[in-house]
Amino acid sequence: MSLTLVNPSVKLSATLTVEIPTLTIEKGQHTIISGLNGSGKSVLAAVLAGEGKVLSGERQSGGRCGWVSVGQQQAVIEAERRKDDADILDVVPVPSTAKEVILDGLTDEQSVTEALNELAGLLGISSLLEREFLALSTGETRKVLLTRELLREPDWLVLDEPFDGLDVETVSRFAQYLDKLSTRCTLIMVVNRVSEIPVWAQRLLFLQNGRIAWQIEGDTLDDTTLQPLRQIMHIQQNVEKLPERDSDCHAPRRSDPNAPLVRLNNGRVAWGDNVVFEQLNWTILPGEHWQVIGPNGSGKTCLLTLITGDNPLCYSNDLNVFGYQRGSGESIWDIKQHLGIISNSLHLQYRVNCSVADVVCSGFYDSIGLYKTPTDRQRLLCREWLVAVGLEQEAKTPFQSLSFGDQRLLLIVRAMVKHPSLLILDEPCNGLDEINRSKVLAMLDLLAREGNTTLLYVNHHSEDKIPAIKNTLNMRDYQPQ
C-alpha cells in the first residue's frame, strides 16, 4: 500500500490551482515536509491528504487519510460562526460542543467512547468536551481536531504543524503518543522547527518554490542526518535598524509618560461556572516588557483580550488601560490607538484580499483592510518594512494568495508599523520557518530596546526568547483552587 501522486494538477480553491510533482510514500515511511515560508509545504500536505479537485494526473491512495492543519482549523471555526447567521433563516442557532465536533460524521458513537476518553485525557481536554467549540482557545481547538482525526484511526495521517499552539506539557505527551502511533499509522508531518522532527521519521522532503529541492532518507532522522537542514535553517539574521515612525499615524504621546499602561485589580474571568482565572493583580509600566506563560486554557488569550477590549468582561473588571478606566465611556479606538496586535484570532479575522502593501498600511489605521488613502510617507515606510522582512517583491500580491507563514510575517509587520505604546504578541511565531522566526525575534527585541514600545508576549516555546523581556506572568498561579 502506498500514497502516490502522479503529476497531478489540483484545484484547492476558487483561486488556487497547483501542479505537484510525482511522489510516492510507502506504507510505514514516515515523512517530514520542510522548507522556508512560501515554499509550498502546506499545499503539498493538503494534496497528499486528498484535499482539492484533481484536474489532471492522479492521486492514488490505499486506506483512509486523516488531516489536521491550520486551514482546516479555520474552516471548522468559520462553519461554526456561520451558525450565527441562522436567524436569517428563521431558525435558532445551536452552537456545537467540542464533543459534537469530534464525533461529527461517526455513525456509532458508543463504540469510540473509550478511545475518546483516552485521547481527551492525553490532550488535556476531558473537561472541555461539553463546552462550546467556539469558546475554546486556539490551542484547545487544535486539540479537538487532533482528537477527531485520531479517533477515526486513519491509515495515513497528515499533520500540518501539529505542535503549534500546544503548551509544553501537551507537546511532550503528544510526541510520545505519535511515537506509539507510528507503529500502526503512516505519518506525514509539515514541520518548521528542526527540534520537532521525530527521530523515528525516515524521510525528509525539503521544498523550494513548490518543488522538492532535495531529500534525506534513512532508518531514522537523527542529529547527524539532519545537519544539512540545520545549516540552512539557522542562518543568522542581523537586524540593525527598524523603519521610523510615521509623523501622522503613530501611537499618541500620553500626558504622563511614566503612568502605568495597564493596571488590573483582582482580575477575574469566568463563563458560567467555568472560572478561567481569578485574583490577578497586575501592573504594566512603560518599558517593562512581560512574557505571559501557562498551559492551554489557563487564560492567557483571555487576559490579552481584556486589555484590547475584545472581551466584554473588561467592563466587569477593575481595569485601567492607558489612563482609561474601562467602562467609563471610553471608545474602543481610545484604547487601540496605543496598541499593536498580532494573534491567531486576528489572523483568522483578516480575510480581506487586499494587496500585501495595503495590509501593512492598514496597521497605521488599525483596520482589517485599507479604507483610507495612505500618504506618500506611509507608502515609503511600508516598503521599508517589506524590505526588512524580505517581502518587497510581493508588495502587489493579494494577501490571501500568500502561504500561512508569509501571512503571519506580514501581520507581525502590520502590528509594528506605528511603533505602538504596547505591542501584544499572542504566539506570533506560529507558522514561521526558523529563518523568519530568528528575524522576527531580533526585530521585536530591537523595537523593545528603542524604548517607545512595551512588549506583552505569549509564547509556548522556550527557544523563542526576546532578550529585552525580563518579567514573567505565569497564569498557572491564578487558576481556581
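The values are calculated or read from the model by the stated rules, or taken from the named source; none is laboratory data. Remember, it's a predicted structure, so these values are computed and weren't measured experimentally. No Cβ is skipped: glycine too gets one built from the backbone with ideal geometry, and neighbour counts run over all protein chains shown.
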Of the listed residues (Ala45, Ala49), the one being in the same structural domain as Val144 (by TED's automatic domain parsing), under 20 Å from Asp155 (Cα atoms), surrounded by 13 or more Cβ atoms within 10 Å (Cβ to Cβ) and in contact with a Cys (Cβ under 6 Å, 6 or more places away or on another chain) is Ala49
Among (1) over 21 Å from Arg64 (Cα atoms); (2) at pLDDT 90 or above; (3) crowded, with 20+ Cβ neighbours inside 10 Å, which single condition is Leu136 missing? (2)
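Residue-wise test of (1) outside the structural domain of Leu136 (by TED's automatic domain parsing); (2) more than 30 Å from Lys11 (Cβ to Cβ); (3) out of contact with any helix residue (DSSP H, G or I) (no Cβ under 6 Å at 6 or more places or on another chain); (4) touching a residue at least 12 places away in the same chain (Cβ under 8 Å).
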residue: Ser328; (1), (2), (3), (4): yes, yes, yes, no
residue: Lys336; (1), (2), (3), (4): yes, yes, yes, yes
residue: Gln349; (1), (2), (3), (4): yes, no, yes, yes
residue: Cys361; (1), (2), (3), (4): yes, yes, no, yes
residue: Gln378; (1), (2), (3), (4): yes, yes, no, yes
residue: Leu381; (1), (2), (3), (4): yes, yes, yes, yes
residue: Leu402; (1), (2), (3), (4): yes, no, yes, yes
Which pairs do you get when a residue that is of a type in the set (A, V, I, L, M), found in region 435-459, comes within reach of a residue that is in a helix (DSSP H, G or I), reach meaning Cβ atoms under 6 angstrom, with the pair 6+ apart or on two chains? Val440/Ile412; Leu455/Ala448; Val458/Lys300
Are there strands (runs of 3 or more DSSP E) fully within region 239-351 with at least 2 residues that are over 25 Å from Glu169 (Cβ atoms)? List them. 262-271, 274-284, 318-321, 339-342
Being under 18 Å from Arg449 (Cβ atoms) and surrounded by 11 or more Cβ atoms within 10 Å (Cβ to Cβ) is the requirement here; does Leu285 meet it? yes
Of the residues in region 420-478 that are of a type in the set (Val, Ile, Thr) and assigned to a helix (DSSP H, G or I), the one that is surrounded by the fewest Cβ atoms within 10 Å (Cβ to Cβ) is Ile435
If Arg254 satisfies every condition in (1) in contact with a Lys or Arg (Cβ under 9 Å, 6 or more places away or on another chain); (2) touching a residue at least 60 places away in the same chain (Cβ under 8 Å) but one, which is the exception? (1)
Subset tally (residues that are closer than 20 Å to Arg81 by Cβ, in a loop (DSSP other than H, G, I, E, B) and in contact (Cβ under 8 Å) with a residue 12 or more places away in the chain) for region 91-120: 3
How many of the residues making up region 12-40 are within 28 Å of the chain's Cα centre (by Cα) and charged (D, E, K, R)? 1
Scanning region 139-163 for residues that are in contact with a Gly (Cβ under 9 Å, 6 or more places away or on another chain) and in a helix (DSSP H, G or I), the one surrounded by the most Cβ atoms within 10 Å (Cβ to Cβ) turns out to be Lys143
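Scan region 444-453 and tell me whether some residue there is within 26 Å of Val321 (Cβ to Cβ) and of a type in the set (Ser, Thr, Tyr).
Yes; the residues of region 444-453 include at least one that is within 26 Å of Val321 (Cβ to Cβ) and of a type in the set (Ser, Thr, Tyr).
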Filter region 21-42 down to residues that are basic (Lys, Arg) and surrounded by fewer than 16 Cβ atoms within 10 Å (Cβ to Cβ), then give me how many there are. 1
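Conditions tested, residue by residue: (1) in contact with a Ser or Thr (Cβ under 8 Å, 6 or more places away or on another chain); (2) in a helix (DSSP H, G or I); (3) surrounded by fewer than 14 Cβ atoms within 10 Å (Cβ to Cβ).
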residue: Arg184; (1), (2), (3): no, no, yes
residue: Ser195; (1), (2), (3): no, yes, yes
residue: Leu204; (1), (2), (3): yes, no, no
residue: Ile212; (1), (2), (3): no, no, no
residue: Thr220; (1), (2), (3): no, no, yes
Only one of Leu346, Leu386, Leu391, Leu304 is over 19 Å from Thr453 (Cα atoms), within 20 Å of the chain's Cα centre (by Cα) and surrounded by 19 or more Cβ atoms within 10 Å (Cβ to Cβ). Can you tell me which? Leu391
